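Values quoted throughout were computed directly from the atomic coordinates according to the rules given, and no laboratory measurement underlies them. Just so we're clear, the structure is a prediction, and the values are computed from it rather than from any experiment. Note that we place each Cβ from the backbone using ideal geometry, even for glycine, and neighbour counts take in every protein chain shown.
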Amino acid sequence: MSTDDTHQITVTMLGPSLSGKTTFLLGMYSVLSAGLNNYFLHACDPDQDLDLSEAWDALIDDGLLPPPNEADRLKPYSFVFREHFNPLLSIDWLDYRGGALDDRVRGEDSDTSALIARLDLSDAVYLVLDGRYLRDPVTPHTVRRVQRASKAQRMTYLLQESMRNRRKADQPPPAVVVLVTKADLVAEARSPAERAVIWDQLVEDVTKVLPVCFQQGVTTLVCPVMLGHFGAEETQQVDPQTVRPMGLHKPILFSLLRYLEEIRLGLHQTESDFRQEVSRRELAVANHRPTFWRKGRHLEYVEAVVDARQRVEEVAQMARLALEFHTRVARELRGLPVFKDGVKISDV
């Protein structure tokens, strides 16, 4: 399969300035461009590949974090996601400046307008919650403050509008990923509790801060991620020895998994339709009485049955392959908190 033959999904990230959107993109690319568990991610533009690689080298060698995207209002990326050498998915990714989230829409040329329009076309939406605001457990007394500080209220409004518009267009809601960036700050602030307990509490807090992600019809992954142990102070330079990426590849795998789920459902429906067609053609053969003069027509009926059976087997084989691949990807996400219709599910 060539890159041109792969399905393309559109991914949009929502998050305020300094929440870690650009840093997440850099870390995700560095991890997957080198390959992880036979999965690879590469930029289609070789210059962008070089830009991202050089930015990663600057972090590893000199501790230089990428500057927030404030100057370049819109920075598009086109990625291809592979298993081994096989292209699986093309990804249309756009990096917005953080201020576009809560700027007013001043006209058709504003990047805020472009962000809102793009949400309606997005197959996956990543909502970025800055871990700085989740260091302490969220309580009924603090939830509003956390929502305001993290811009969760604005993200909720935009996501709801997008889902409403997609419903009008007879489109399914996007797959949602809640990225809790700077997860090292959460873990350090809530220690000495065990790490599993900390993450469970964090997921519960996310459901309080972004309840829109846990409504009927929405499938959501909550994914704590970090690039390293950099501390709470905002800085553009860190100790390179503290770079320890965690969980950066999993959101893309989740997006791929949701796409595979749609493919599987479509194949099952196609197989069902073809089987009904086989039954219809078999009935036509059974009801047709072959005579010398009608022998040609009878052979046409028989050949039509054989053709329909062959198509059923082809689609069934595709469905089996899709299930096998779905199982392999799901294995990578085992244990992560995924919610469907507001209920945590064990089988993603």
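Assuming charge only on the beta carbon of Lys and Arg (+1) and of Asp and Glu (-1), the dipole of the chain about its Cα centre is about 1680 debye to the nearest 20.
Counting other Cβ atoms within 10 Å as a rough exposure proxy, the listed residues ARG320, ARG309 run ARG320, ARG309 from fewest neighbours to most.
So how do SER113, SER19 line up by other beta-carbon neighbours within 10 Å, fewest first?
On the way: SER113 15, SER19 26.
Ranking SER113, SER19 by Cβ neighbours within 10 Å, fewest first, gives SER113, SER19.
The 3J(HN,Hα) values that the Karplus relation (6.51, -1.76, 1.60; θ = phi - 60°) gives for segment 247-263 are, in residue order, x, 5, 8, 6, x, 5, 4, 5, 4, 5, 5, 5, 5, 4, 4, 5, 4 Hz. Gly and Pro appear as x.
Could you put TYR96, TYR157 in order, starting from the residue whose Cβ has the fewest other Cβ atoms within 10 Å? Provide the component values of the computation, followed by the final result.
Values: TYR96 23, TYR157 12.
So the ranking, lowest neighbour count to highest, is TYR157, TYR96.
Using the Cα coordinates of the chain, the gyration tensor eigenvalues translate into equivalent-ellipsoid semi-axes of 45, 22, 20 Å, sorted from longest to shortest. Inter-label distance, GLU300 to ASN86: 4.0 nm, where each label sits 7 Å from its Cα along the C-beta direction.
Cβ-Cβ distance of ASP47 and ASP136, R₀ of 45 Å, FRET efficiency by 1/(1 + (r/R0)^6): the value works out to about 0.55.
Dipole orientation for the chain: of the candidates TYR29, LEU14, GLN236, LEU14 has the Cα lying most toward the positive pole (charges on Cβ; Lys, Arg +1; Asp, Glu -1). Extending 7 Å from Cα along the Cβ direction at ALA117 and again at LEU283 yields two label points whose distance is 5.0 nm.
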